[in-house]
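Here the structure is laid out as structure tokens; the discussion comes afterwards.
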Amino acid sequence: MRIHVFNSAPALASALGASIARALAANPKLVLGLPTGRTPIPLYRELVRLHGAGRADFSRATTFNLDEFLGVRAADPRSYRAFMQRHLFDHVKMAPRRIHFLDGAVAPGPAVERECDRYERAIDRAGGIDLQILGLGMNGHIGFNEPARALFARTHCSRLKPATRRANAPLFGNRLDAVPREALSMGMATILHARKIVLLATGATKARCVERMISGPVTPRLPASFLQLHRHVEVWLDRPAAQKLE
Ligand code: GLP
């Protein structure tokens, strides 16, 4: 794993924004995998700024978001889809047909599996993900691949841990009972098949998890540790998140 440590979260966002703009210039049809959460917000702000300055062209790019809450419609302001609209898609010129999301409003039952299969096929049809950006859950999850005895390879319905629901409560007016108990998420293989992965972590609260992800054993108890198996992973950190590394 290649580790980059920045003096601050804004410095990280500005370097990564520039790097993504360069990748788009080299390959305008770039296929990006994107996360939600607090961590990537400064990156999205930077990408919007670069786009406004004519330095990042998304017009031929394709995106796939990692995950979505089950039972939440795309138009619902609490959906991850709405989050992405607010922070990125409303502000950059991009063909709507090239923005991909799991449909959280899918009916319970066999339609869930069909929706997950549809997403896997759409990723394949796009030629796979060139650059997957990831955040890091406090418990070591990536996407909504939660710590467990066994992980899911492919896009699936995930049961959210209490800590994960608490971390997502701000999207739901801080009402824990309003946070869905399940979500749809790319699986571990979906993520690990990306040609390049950049994991972002900022803030001291992630330091212990970052250290275990990089130096600990590969274990389903810390799904992010599986990134050690990928040949092209970069971990981009600010100083507080890097403080437990040697
Ligand atoms: C959420 C998302 C993840 C995200 C993580 C970290 O639950 N499903 O994809 O990376 O939590 O969020 P944050 O960046 O707010 O710490």
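Here are some notes:
- Mean projected area in nm² (Cα convex hull; one quarter of hull surface) for segment 113-199: 6.1
- Chain lengthening between Arg159 and Ala107 when straightened (0.36 nm per residue, less Cα-Cα): 17.1 nm
- Rounded to the nearest 10 Å², the accessible area of Arg98 at probe 1.4 Å: 60
- Sites Arg149 and Asp76, calculated FRET efficiency, Cβ-Cβ separation with R0 51 Å, nearest 0.05: 0.95
- Accessible area (Å², per residue) of the chain, counting only protein heavy atoms and a probe of 1.4 Å: 46
- Glu146 accessible area, 1.4 Å probe, all protein chains in place, Å² to nearest 10: 20
- Summing charges over all other residues whose Cβ lies under 13 Å from the Cβ of Gln243, with Lys and Arg as +1 and Asp and Glu as -1, gives +1.
- Protein-only accessible surface at a 1.4 angstrom probe places the residues Asp57, Asp238, Asp124 in the order Asp124, Asp57, Asp238, largest first.
- Dividing the mean sequence gap of close Cα pairs (under 8 Å, 6+ apart) by how many residues segment 32-137 holds gives a relative contact order of 37 percent.
- Theoretical gain in end-to-end length, Lys93 to Arg221 [0.36 nm per residue, Cα-Cα removed]: 42.1 nm
- Per-residue extension of 0.36 nm, minus the Cα-Cα distance of Val5 and Lys29, leaves a gain of 5.8 nm for this segment.
- Across segment 1-116, Cα-Cα pairs farther apart than 25 Å form 28% of the total.
- Secondary-structure-derived ellipticity at 222 nm for the chain, considering helices only, amounts to -9500 deg cm²/dmol, per-run term -39500 (n - 2.57) for DSSP H runs with n ≥ 4.
- Carbon plus sulfur fraction of accessible area for the chain, probe 1.4 Å, in percent: 51
- The listed residues Asp103, Asp76, once ranked by accessible area (1.4 Å probe) with the largest placed first, stand as Asp103, Asp76.
- Across Met186, Met94, Met138, the residue with the most accessible area heads the list, and the full order at a 1.4 Å probe is Met138, Met94, Met186.
- Reference-scaled alpha-carbon Rg (2.2 N^0.38 Å with N residues) for the chain: 0.94
- The shape of segment 58-131 comes out oblate: with a ≥ b ≥ c from the C-alpha gyration tensor, a/c is at least 1.5 while a/b does not beat b/c.
The values are calculated or read from the model by the stated rules, or taken from the named source; none is laboratory data. Predicted model only: the values in this text are computed from it and were never measured. We place every Cβ from the backbone using ideal geometry, glycine too, and count neighbours over all the protein chains shown. The protein model used for the area step is the full one, side chains on, heavy atoms only, and it has no ligands, DNA or RNA in it. Shrake-Rupley method; radii C 1.70, N 1.55, O 1.52, S 1.80 Å.
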